[in-house]
Amino acid sequence: MDNLDNSKKEMRFPVSYLHPVKSLCEAQGIDFISMLKDKYNLDEDILNQRDAFISAYHFRLNLEQISRCVENNPRGQYQFVEALPLDTHGFVGLAAMSSASIKQAAGVTLRYLNQVMPAMRLSVNETSQFAELNLGLAANFDKYNSLLIEAVACAVFNIARLTNLDYATTHVEFSHQKLHFTEISKIFPKANVKMGCEKDRMLLPIELYNTPIYTSSSKTQMMLTSILRSQQKTSDIQQTTTEKTLCIIEQRFDSMLPSSVEDVSAALEISTRSLSRHLKEEKTSFKRIYSDFRLKQAKHMLQESGSSIASVSQRLHFSGDSSFSRFIKKQTGMSPSDLKRQLASK
């Protein structure tokens, strides 16, 4: 599993993510079944196992194959979007389809995203003008990161296809410089796409956030969310307190909020004392988890050419540049400037 974050190697993805790749390959005359056996080392029968999962390694192979099929291939890009129906995302996709509005669809997707797309961290911020959907990554797929971001944007657009939403009012901002889906503005007419932005996000005018969805069904939605809640409880039981703590820290970071032991314990609905005890039983602490997270984010942001030490310090909610410098020095033995130079040389 080269090129995958060690902490993400145990991620599981629904087997349904193999189906759009299969459809895409078949449309281009590629023998996906042979590829499944020889490259994925998976048996063909897995395609018919609705509750089966694939690993992060297999998911990366998916991204690799999608890249080959869509890069510099406008027809392949159309084929991919057509091969990506919302039910690919299982009950979460179906629950989104049966929601009353885009806002409700976003809510159910964010709540249960980890069940179908653990590689992504999504969050929504509402302002007086826009509903801002932030497209964050929870795993590193190296050169395929930007492709995954664009593919998720396409999946979001597929929801908008079920409404009378005017794409001209939808703004999409990508932090990378070059599009993989070069036809995105033709596939989704009049979508306003910008490259080289500060972060990956989609902006929808707040007055359109409650746009009705044609396929809405309150009874279907209730049934599906009941299933999702049950599955989430099972998932929560299986998650360690360390994993839950990190998940909350990541969600708050995506919403531009700092994290404290009080914030996390409140989100978990337990006392700070209980949280500290559970983490101690798992041979860690809130301070260690938060420090590791901040260091990882700091390295990632310092590696970006346009980021300053002051902006990184502010984004990670340090009280000032000197506090940030002491933190980096303690964690790495280097100053932020030296660390930035070292990262740039790699």
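Since every read-out is calculated from the coordinates, none of them should be taken as a lab result. Quick caveat, the model's predicted, so the values are computed rather than measured. Quick reminder, even Gly has a Cβ in these numbers, built from the backbone with ideal geometry, and neighbours come from all protein chains shown.
The H on the amide N of Arg121, modeled in the peptide plane, is under 5 Å from the matching H of Gly136, Leu137, Ala138, each at least 5 residues off or on a different chain. Of all lysines in the structure, the ones whose alpha carbon falls short of 19 Å from that of Lys190, not counting any fewer than 8 places away in one chain, are Lys178. For segment 319-328, backbone phi angles converted through the Karplus equation (6.51, -1.76, 1.60; θ = phi - 60°) give residue-by-residue couplings of 5, x, 5, 5, 5, 5, 4, 5, 4, 5 Hz, Gly and Pro being listed as x.
Across the chain, the mean sequence separation of Cα contacts (distance under 8 Å, 6 or more residues apart), normalised by length, yields a relative contact order of 15 percent. Spin-label model, Asn192 to Lys219: label points 7 Å out along the Cα-to-beta-carbon direction sit 4.1 nm apart. Full extension of the chain segment joining Asn73 with Ala344 gains 94.3 nm, where the gain is 0.36 nm per residue of separation less the Cα-Cα distance. Its Cα gyration tensor gives segment 254-346 an equivalent ellipsoid; the semi-axes, largest first and in whole Å, are 28, 14, 11. Remark: the Lys329-Met35 segment gains 101.1 nm on full extension, using 0.36 nm per residue and subtracting the alpha carbon distance.
Once the Cα-Cα distance is subtracted from the 0.36 nm per residue extended length, the Gln314 to Thr240 segment shows a gain of 23.6 nm. Exposure proxy shown here: for His176, His171, the number of other Cβ atoms within 10 Å sets the order, fewest to most, as His176, His171. Using Cα-Cα distances under 8 Å and only pairs 6 or more residues apart, what relative contact order does segment 6-208 have, in percent? Once divided by the residue count of segment 6-208, the mean separation gives 20 percent.
Once you divide the Cα radius of gyration of the chain by 2.2 N^0.38 Å, the number left is 1.03. The GNM of the chain, with springs linking C-alpha atoms under 10 angstrom apart, assigns the highest mean-square fluctuation among Gln104, Gln79, Gln49 to Gln49.
For segment 241-345, the relative contact order works out to 23 percent when only alpha carbon pairs closer than 8 Å and six or more residues apart are counted. Compactness ratio for segment 17-66: Cα radius of gyration over 2.2 N^0.38 Å (N = residue count) comes to 1.04. By the rule of a C-alpha distance below 16 Å, with chain neighbours fewer than 8 residues away ignored, the aspartates and glutamates paired with Lys194 are Glu132, Glu150, Glu173, Glu183. Between Ile184, Ile149, Ile309, the GNM of the chain built on Cα springs shorter than 10 angstrom shows Ile309 fluctuating the most. The modelled label-to-label distance for the pair Gln49/Thr272, using points 7 Å beyond Cα in the direction of Cβ, is 4.6 nm. Out of residues 5 or more away from Phe130 or on other chains, whose amide H comes under 5 Å of its own, with H placed 1.01 Å from N in the peptide plane? It is Ile206, by chain and number. Applied to segment 101-107, the Karplus parametrisation 6.51 cos²θ - 1.76 cosθ + 1.60 on θ = phi - 60° returns per-residue 3J(HN,Hα) values of 8, 4, 4, 5, 4, 5, x Hz, with x for Gly and Pro.
With neighbours defined as other Cβ atoms within 10 Å of a residue's Cβ, the residues Ile102, Ile159 order from fewest to most as Ile159, Ile102.
What base-10 log of the normalised intensity I(q)/I(0) is obtained for segment 46-160 from the Debye formula, alpha carbons as equal point scatterers, at q = 0.15, 0.19 Å⁻¹? Cα-only, vacuum Debye calculation for segment 46-160: -0.73, -1.17. Comparing Ser226, Ser265, Ser319 in a Gaussian network model of the chain (Cα springs below 10 Å), the most mobile by mean-square fluctuation is Ser319. Convex hull of alpha carbon positions in segment 6-208: directionally averaged projected area 11.1 nm². Shown in residue order for segment 37-45 are the 3J(HN,Hα) couplings computed by the Karplus curve 6.51 cos²θ - 1.76 cosθ + 1.60 at θ = phi - 60°: 6, 7, 9, 7, 6, 10, 7, 4, 4 Hz (x for Gly and Pro).
Quick check on my link table: of Lys296/Lys329; Lys143/Lys330; Lys103/Lys186; Lys143/Lys296; Lys283/Lys330, which ones sit more than 23 Å apart, alpha carbon to alpha carbon? Pairs exceeding 23 Å: Lys143/Lys330; Lys103/Lys186. Of all DSSP-defined beta bridges confined to the chain, some 85% are antiparallel rather than parallel.
For segment 149-212, rounded, prolate or oblate, judged on the Cα gyration tensor with a ≥ b ≥ c (square roots of eigenvalues), a/c < 1.5 rounded, else prolate if a/b > b/c? Here segment 149-212 falls in the prolate category. Of Asp254, Asp292, the sequence from fewest to most neighbouring Cβ atoms within 10 angstrom is Asp292, Asp254.
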